[in-house]
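Each value in this text was obtained by applying a stated rule to the coordinates, not by laboratory testing. If you're wondering where the values come from, they're calculated on a predicted model, not measured in any experiment. All Cβ positions, glycine included, derive from the backbone under ideal geometry; neighbour counts span all protein chains shown.
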């Protein structure tokens, strides 16, 4: 299937490693030029060079802190200036797993909660807010927010709050921006294999899903590529679980 993505341009935040890197690689393979954003330049430059060499696309690294308004506005302005336009935004920047231990109430601090929400929830809103006028003016766009399945289970207060927040902002954005040709969706990955996954974790998480193995970061990236496509028009404002089929719970 031709996803009709060749020639489009995207920003991927949290793109220097893990799921973000896999998403950036897949989008480049579909013919998209990219701006990759993260807080550390060394790893960001390494990832950008690797993806550009493998795909032949233009891949630009830009340091940005999605917890800061001015940094996000500068990122979006630079991306549009360098690539000429942006049609797709993938929000992925977050502290993996949530900030600090927060399995018990006494472990939760307001400082840690607000810091994590500032990056993953307010940060996603910042990038959407900065880019939205450009997308609206062009009459088409895609915003894809990467959350996490902690939104649908207990066990980590901060991770549950921040990922539920991703779903909430996704639906609000979709309702507001959909009439302007902009679809906004969220993906909640479950346990996902990245370059940091160890064999013990792989064995543990494989037993919790019906496909019998961990989902790979490349498989999350394929889903993002479809949702970034004009062909995904029928899906807007939704949150999609991507964990390989967790046992037990029915969502409807």
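Descriptive notes on the structure:
- Förster radius 25 Å - calculated FRET efficiency between residue 213 and residue 240 (Cβ-Cβ, nearest 0.05): 0.85
- Geometric extent, Cα atoms of the stretch 114-230 - Rg, Dmax (angstrom): 15.9, 49
- If you wrap the stretch 9-242 in the convex hull of its Cα atoms and look at it from every side, the mean projected area works out to 12.4 nm².
- Percent antiparallel among DSSP beta bridges (both partners in the stretch 9-242, rounded to 5): 0
- Peptides 245-252, 33-40, 192-199, 118-125 ordered by average Cβ neighbours within 10 Å, highest first: 33-40, 118-125, 192-199, 245-252
- Efficiency of FRET from Cβ geometry, residue 154 and residue 175, R₀ 22 Å, rounded to 0.05: 0.20
- Estimated inter-spin distance, residue 46 and residue 115, nm [label 7 Å along Cα→Cβ]: 2.4
- The distance from the alpha carbon centre of the stretch 120-148 to that of the stretch 42-70 is 18 Å, rounded to a whole number.
- The reciprocal of the average 1/r between distinct C-alpha atoms defines the Kirkwood hydrodynamic radius, which for the stretch 15-82 equals 11.9 Å.
- Top of 237, 148, 84 by mean-square fluctuation, Gaussian network on the chain, Cα under 10 Å: 84
- GNM flexibility winner over the chain from 239, 127, 55 (Cα, springs under 10 Å): 55
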